[in-house]
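Student: Sharing a structure below in structure tokens format, with a few things to ask.
The values are calculated or read from the model by the stated rules, or taken from the named source; none is laboratory data. Computed from a predicted structure; not experimentally measured. Don't worry about glycine lacking a Cβ; one is built from the backbone with ideal geometry, like all the others, and counts go over all protein chains shown.
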Amino acid sequence: MSAPAVPHSSYGPVGVLLSRVERVRKSGRGYTARCPAHEDRSASLSIAEGNDGRALVKCFAGCEVLAVVRALGLEVADLFPQRVADATPEGRTAAREAWRQSGWAAALGVLAREASIVVIAARAVADGQPLGPDDHARLLVAVERIEGAREVLA
Ligand SMILES: [Zn+2]
């Protein structure tokens, strides 16, 4: 009954994701599942396969892709298919570089967004406006995400 409805033929990045998330349901051309990055009572996570075989991940509650893959013990690179045809050392190096850059792109996106939140908070503090508990909590989330992004970029 509770076995996830993962088709037997699933493999590649989408298959890896589906094997790690809970409450998987087929939905349209993809799947929905419980988001591992927040307290998810509904199934907020959407998982689908892109045309190039990469896994497309979206949390409708707003979690960053980086936070979702990390919560699953994966890296952004794991969202991309490994090409068996590129098993030469040169191919592997090129693939590794492409994965690294996609991780950078995701991390830079996180940095840009979270930095703007820190800037808003800093301006408020500079203007003598105290931060409310919600603002304070959001600021801590921003700091956590920035540190996560820094790990990827380091
Ligand atoms: Zn989420």
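Student: Do any residues in region 30-45 that are farther than 17 Å from Ala67 by Cα and more than 8 Å from the ligand (Cβ to nearest atom) have Cβ atoms under 9 Å from those of residues that are assigned to a strand (DSSP E or B) and of a type in the set (Asp, Glu), where the two are at least six apart or on different chains, and which pairs are they?
Tutor: What qualifies is Gly30/Glu49.
Every residue, every condition in (1) out of contact with any Pro (no Cβ under 9 Å at 6 or more places or on another chain); (2) within 17 Å of Val76 (Cα to Cα); (3) surrounded by fewer than 17 Cβ atoms within 10 Å (Cβ to Cβ), yes or no:
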residue	(1), (2), (3)
Leu111	yes, yes, no
Val118	yes, no, yes
Gln129	yes, no, yes
His136	yes, no, yes
Leu139	yes, no, no
Val143	yes, no, yes
Gly148	yes, yes, no
Val152	yes, yes, no
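Student: Kindly evaluate Ala122 against the criterion of being buried (at least 16 other Cβ atoms within 10 Å of the Cβ) and either in a helix (DSSP H, G or I) or under 15 Å from the mean Cα position of the chain (by Cα) (or both).
Tutor: No.
Student: Something else now. Please tell me if Val57 is modelled with pLDDT under 85, under 29 Å from Glu39 (Cα atoms), within 16 Å of the ligand (Cβ to nearest atom) and not polar (S, T, N, Q).
Tutor: Taking the combined requirement at face value, the residue does not satisfy it.
Student: Turning to a different aspect of this structure: Restricting to region 10-39, count the residues that are charged (D, E, K, R), in contact with a strand residue (DSSP E or B) (Cβ under 8 Å, 6 or more places away or on another chain) and at pLDDT below 95.
Tutor: Number of matching residues: 4.
Student: Tell me yes or no: at least one residue of region 61-74 is buried (at least 19 other Cβ atoms within 10 Å of the Cβ) and more than 12 Å from the ligand (Cβ to nearest atom).
Tutor: Checked region 61-74: no residue is buried (at least 19 other Cβ atoms within 10 Å of the Cβ) and more than 12 Å from the ligand (Cβ to nearest atom).
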